[in-house]
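Reading through the structure tokens given below for one structure.
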Amino acid sequence: MNNDAIDVKNLHKEFTTRVGFWSGKTKKTTAIEDISFNVQRGELFGLLGPNGAGKTTTVKILSTILLPTSGSASILGYDVIHATQAVRKRIGFTFGGARGLYTRLSAVDNLAYFAELYGIQPEISHQRIDELLELVGLTDRREDRVETYSSGMQQRLHLARALLHDPELIYLDEPTVGIDPVGARELRKTIKGLVAHGKTILLTTHYMAEAEELCDRIAIIKQGSIVALDTPASLKKQIPGDSLVEIEVRPSDLVLFQEKLQGIKKHAFDVADNDGNKKISVRTAHPEEVMKAMAPFITSQLILNLEVRNQTLEDVYVSIIQGDKT
Amino acid sequence: MIQRTLRLIRQQTRVQFQVRLFNLFSVGLYFIQPAIFSLVGMLLSQAAGNEKPDLVYTVIGSGILGMWSGLVFSSLYDIRGDRRDGTLELIVASPTSLGAVEAIRTMTNVLTGLVSLLAAFLVAVTLYDYSFVGISLPAVLVSLVLLLVGLWSIGVFLANFTVWSRLSGNYVEFLEIPVALICGFMYPISILPEWMQAISTVIPIRWSLEALDAVLMGSRDVSFLLERWGVALLLSVLYWGMTRLLERKVHDQIRVTGEMRSI
């Protein structure tokens, strides 16, 4: 049996929009460009990228909501273009934000309706709805209209809806958006639990710490193309320089520090505004050399703040998305 | 299969009532608007020299107008609401076909529209001493059922265009008054110019309505009624057939364009 839960080959999607009412001219926008990747059964795979990079378009094609312009994708062995019914029965998905629920209905009524759309027998769906509301912590509010829920509660209800028919594969599009830190932690725990029960998950998120904590592998997507794909640990190794030294200085002192850091071996150098001051970021394999060069300034109080730390996934992500500024 | 279909009808109807129908807009749609048309119709009838207003065309006609408006607007707003709420994508990506969901919704909207007609009958009976004596009730029922089937078939047909794109959905809205005018909801269709009558021949409700009007006015011309019923049924079946053909096309088209969400 093929162990791939998702197999994407050269997937390409263009949207055509009309320009002007009379001209009949059209404009093509490429949302994703020849992307290929696979996700194994039981894997938690992350799809990261800035807004408009093509993450949601990819998820929508894999959910059979959109058709690709070219390329192919199969879900648990079923083609997303032709075997839509087989795919739809086996996947569950949530899209970020508050949309996707009937807000004038209660949580129970929403779930009962979607259970019917998935053809779940009432004797099964009643029990399943109870279990899922318990899982997402909404049992106490089950009869309340969804319009009275906080965005965090709505997100949790989305998850319950996605799990109704016990799908083998789940797409979670920014599941923790709008959820407070405690709620987000609970949700991450739930997601881990789903993977422990053998579910395959495709996660898109803007929170790098979340991706680092949860994902077995990550694909970073930029302007419709996958620009990196590996485990979080390997991705961090792909960017040269293990450490990041961040030095905060006054704008008037910036040139002085830039000159001082010129001779030091480094892999990347970046200057950013930081609350009226300047933050110099130096990515290097030799942080001790930077510290040595900076030592005289620490005592002279020209350095407002200095931090040395290991690189995080966020550093890697920013480096890939923005490109190195050495 | 039958049980599953019945469950789906029950659930969909329940959602329909909770989400869309019990609101003030529906009251306006199903009661206030037909009442205004009814009043205007009676005044026009009196102005034309009739001592008593023509009940079938004014009161009953306005009830049917309420049903038609209810169907057009409710069906349109159902899909608009789903686009706005992001639930259209969820329905499309579920194993239940959007066509089945639309068919049930439209049926619910058509049946809900019956309240307009019932209210119109009540007004006719209580305020204007309208009497059913001498009227063939079975013929009324057959005409009414065919009217409902006709409305249903047009409703599901038009729903495809509303799903297809936001723009084509807006055009469906424009059909409300023209269809009411050319089908002779509130006056005999024979007073319309011939070219208008010719257009209305492709609309099933024109035929069932013509039969209903005739029956309510005491006609027992069986061949006249059978002809109208037959054409109404045939056209309804034709609309259903076209709907089935369109559904697949629309499903594929919205998956290409991504027209399932409001921007």
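Just so it is clear, none of the values below were taken in a lab; they were calculated from the coordinates. Quantities reported herein were computed from a predicted structural model and do not represent experimental measurements. Here the Cβ is made from the backbone with ideal geometry for all residues, glycine too, and neighbour counts use every protein chain on show.
Only Cα sites of chain B enter the Debye sum here, all with the same form factor; the resulting log10 I(q)/I(0) across q = 0.07, 0.09, 0.13 1/Å is -0.26, -0.42, -0.85, listed in q order. Couplings 3J(HN,Hα) for the range B:154-171, derived from phi with the Karplus relation 6.51 cos²θ - 1.76 cosθ + 1.60 (θ = phi - 60°), are 5, x, 5, 5, 5, 4, 4, 6, 5, 6, 3, 7, 4, 5, 5, x, 5, 5 Hz, where x marks Gly and Pro. Ranking B:195, B:212, B:74 by Cα position along the charge dipole of chain B, where only Lys, Arg, Asp and Glu carry charges on their C-beta atoms, puts B:74 farthest toward the positive end. In this structure, the amide hydrogen of residue A:92, modeled 1.01 Å from its nitrogen in the peptide plane, lies closer than 5 angstrom to those of A:169, A:170, A:171, counting only residues at least 5 positions away or on a different chain. Shown here for the range B:1-51: chymotrypsin sites (Phe, Trp or Tyr not before Pro) in loop regions (DSSP other than H, G, I, E, B) with at most 16 other Cβ atoms within 10 Å, namely B:22.
Listing B:202, A:108, A:87, B:40 from fewest to most neighbouring C-beta atoms within 10 Å gives B:202, B:40, A:108, A:87. Charged side chains reduced to their Cβ positions (Lys and Arg at +1, Asp and Glu at -1) give the range A:162-309 a dipole of some 400 debye around its Cα centre.
Using +1 at the C-beta of Lys and Arg and -1 at the C-beta of Asp and Glu, which of B:127, A:82, B:49 has the Cα lying farthest in the positive direction of the dipole of the protein assembly as shown? In the protein assembly as shown, that residue is A:82. Legend: P(r) of chain A from all alpha carbon pair distances, 20 Å bins from 0, whole percents, reading 27, 47, 23, 2.
Comparing A:257, A:45, A:297 in a Gaussian network model of chain A where C-alpha atoms under 10 Å apart are linked, the largest mean-square fluctuation is found at A:297.
In terms of other Cβ atoms within 10 Å, B:255, A:142, A:128, B:244 run from fewest to most in the order B:244, A:142, A:128, B:255.
Among residues other than residue A:76 with Cβ under 9 Å from its Cβ, the summed charge is 0 (Lys and Arg +1, Asp and Glu -1).
Restricting attention to the protein assembly as shown, close to 75% of DSSP beta bridges with both partner residues there are antiparallel.
Stick to the Cα atoms of the range A:1-69, pair each with every other, and give me the Kirkwood hydrodynamic radius in Å at one decimal.
Details: mean 1/r = 0.0727 Å⁻¹.
For the range A:1-69, inverting the mean 1/r across all distinct Cα pairs yields 13.8 Å.
For chain B, adding -39500 (n - 2.57) for each run of n ≥ 4 DSSP H residues and dividing by the number of residues yields -25000 deg cm²/dmol at 222 nm.
Taking the 0 to 90 degree range and rounding to the nearest ten, how far is the long axis of helix B:33-47 tilted relative to the main principal axis of chain B, both from C-alpha atoms? It is inclined by approximately 30 degrees. Our helix-only sum for chain A, with -39,500 (n - 2.57) per DSSP H run of n ≥ 4 divided by its residues, gives a mean residue ellipticity at 222 nm of -10500 deg cm²/dmol. Axis angle, to the nearest 10 degrees, between helix B:222-257 and the longest C-alpha principal axis of chain B: 20 degrees. Dipole size of the range B:2-257 about its Cα centre, with +1 on Lys/Arg Cβ and -1 on Asp/Glu Cβ: approximately 940 debye, rounded to the nearest 20. With neighbour counts taken as other beta-carbon atoms within 10 Å, the residues A:273, A:4 rank, fewest first, as A:273, A:4. Taking B:188, B:34, B:138 in turn, the Gaussian network model of chain B (Cα-Cα springs below 10 Å) assigns the largest fluctuation to B:138.
Normalising the average separation of contacting C-alpha pairs (under 8 angstrom, six or more residues apart) by the number of residues puts the relative contact order of chain B at 24 percent. The H on the amide N of residue A:221, modeled in the peptide plane, is under 5 Å from the matching H of A:48, A:49, A:227, each at least 5 residues off or on a different chain.
Normalising by the residue count of chain A, find the relative contact order in percent from Cα pairs under 8 Å and 6+ residues apart. Before the final figure, lay out each step's value.
Numbers: 604 pairs, mean separation 58.6, N = 326.
Relative contact order for chain A comes out at 18 percent.
Taking 20 Å as the cut-off for C-alpha to C-alpha distance, list the pairs among A:60/A:236; A:9/A:89; A:236/A:278; A:13/A:55 that go past it. Table pairs above 20 Å Cα-Cα are A:60/A:236; A:9/A:89; A:236/A:278.
Computed over all pairs of different Cα atoms, the Kirkwood value for the hydrodynamic radius of the protein assembly as shown is 28.0 Å. The alpha carbon gyration tensor of the range B:170-242 gives principal lengths a ≥ b ≥ c with a/c of 1.5 or higher and a/b no greater than b/c, which makes the shape oblate.
Projecting the Cα atoms of B:242, B:101, B:87 onto the dipole axis of chain B, where Lys and Arg carry +1 and Asp and Glu carry -1 at the beta carbon, places B:87 farthest toward the positive end.
Residues whose amide H falls under 5 Å from that of residue A:119, counting only those 5 or more places apart or on a different chain, are absent, with hydrogens built in the peptide plane. In a DSSP loop and with at most 13 other Cβ atoms within 10 Å, the chymotrypsin sites (Phe, Trp or Tyr not before Pro) in the range B:118-157 are B:132.
Counting only alpha carbon atoms, the long axis of helix B:98-128 and the longest principal axis of chain B meet at about 20°.
Of the trypsin sites (Lys or Arg not before Pro) found in the range A:232-309, the ones in coil according to DSSP and having at most 15 other Cβ atoms within 10 Å of their Cβ are A:265. Residue-wise HN-Hα couplings along the range A:22-35, as the Karplus relation 6.51 cos²θ - 1.76 cosθ + 1.60 with θ = phi - 60° gives them from phi, are 9, 5, x, 6, 10, 10, 9, 10, 8, 8, 9, 10, 6, 8 Hz; Gly and Pro carry x. Here the dipole of the range A:16-55 is about 300 debye; that uses its Cα centre as origin and unit charges on the Cβ of Lys and Arg (positive) and Asp and Glu (negative).
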